[in-house]
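Asks: Sharing a structure below in structure tokens format, with a few things to ask.
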Amino acid sequence: MSAAASLREELDRLRADGLLRDVRVPVDPEYEVAAVAAAAGTSMGLLFHDVAGRSVAIGTAGGRDLVASSFGVPRGEIAAAFLDAMRAPLTPQTVTDAPVQEIVLRDDEIDLRRDLPVLTHHEHDAGPYITTGVAVAESRDRTLRNVSYHRMQVRSARETGLVVVQRHLARMIEEFEAVDEPTPVAI
């Protein structure tokens, strides 16, 4: 078996392996989802079906059994699966039709606070955060690609803030800033 090819497939695998609990009661995105997830621990992923009318998956990589299920390998083979993936990375494919494009919003249609069930985790947080935003960017000459996880504060309808440390993404941003161009990034 290989790694799950989509979030839907990953959730189906976790459910089949008894590692996903479905939460069907309404749960508030401010503190409540985080509290339920903390109480559940790291041995089980959770799929909330009604967080302000949206679904939220949380904790799906919280423990080794969860990661092994997603990767389609026994628990003791996770490190080898990571190493194999690093040695033979997949080449991204350009497609014109994909499940990720089921809903497409542009420009003023976008309101992150309305369109995504962004959670507020802790009482001292400055607001709601996307906690596992995966940023995908390319160098200006398109020869290098970077994929990195970021915790992003949702500041307004179309703005987030994130810390970019002095690594690959920071260098890519600097390349674009040097020629006064915005850095294209997909989250």
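The values are calculated or read from the model by the stated rules, or taken from the named source; none is laboratory data. Source: prediction; values computed, not measured. FYI the Cβ positions are ideal-geometry reconstructions off the backbone, even for glycines, and counts take in every protein chain you see. Surface accessibility is based on the protein's heavy atoms, side chains included, excluding ligands, DNA and RNA. Shrake-Rupley method; radii C 1.70, N 1.55, O 1.52, S 1.80 Å.
Asks: What about ASP50, is it over 28 Å from GLU30 (Cβ atoms), among the charged types (D, E, K, R) and open to solvent by less than 90 Å² (accessible area, probe 1.4 Å)? Quick ask: steps written out before the conclusion?
Replies: Numbers: over 28 Å from GLU30 (Cβ atoms): no; among the charged types (D, E, K, R): yes; open to solvent by less than 90 Å² (accessible area, probe 1.4 Å): yes.
Here the answer is no, as ASP50 does not meet what is asked.
Asks: Tell me, which residue of region 130-187 that is of a type in the set (Asp, Glu) and either assigned to a helix (DSSP H, G or I) or open to solvent by 90 Å² or more (accessible area, probe 1.4 Å) (or both) is farthest from PRO92 (Cα to Cα)?
Replies: In this case the residue turns out to be ASP180.
Asks: List the number of the failed condition for ASP108; all other conditions in (1) over 20 Å from SER6 (Cβ atoms); (2) touching a residue at least 60 places away in the same chain (Cβ under 8 Å) hold.
Replies: With (1) over 20 Å from SER6 (Cβ atoms); (2) touching a residue at least 60 places away in the same chain (Cβ under 8 Å) applied to ASP108, the lone miss is (2).
Asks: In region 89-129, what residues are assigned to a loop (DSSP other than H, G, I, E, B), acidic (Asp, Glu) and open to solvent by 80 Å² or more (accessible area, probe 1.4 Å)?
Replies: First, the residues of region 89-129 that are assigned to a loop (DSSP other than H, G, I, E, B): 89-98, 102-106, 110-111, 116-118, 121-128.
Right, trim to acidic (Asp, Glu) and you get 97, 102, 111, 123, 125.
Within region 89-129, ASP97, GLU102, GLU123 meet the criteria.
Asks: Taking the residues in region 9-35 that are in a strand (DSSP E or B) and touching a Gly at 6+ places or on another chain (Cβ under 9 Å) as candidates, determine which candidate is surrounded by the fewest Cβ atoms within 10 Å (Cβ to Cβ). Break it down stepwise before answering.
Replies: Of the residues in region 9-35, the ones in a strand (DSSP E or B) are 20-23, 27, 30.
Next, from what is left, pick out any that are touching a Gly at 6+ places or on another chain (Cβ under 9 Å): 20-21.
Numbers: LEU20: 21, ARG21: 15.
Selected residue: ARG21.
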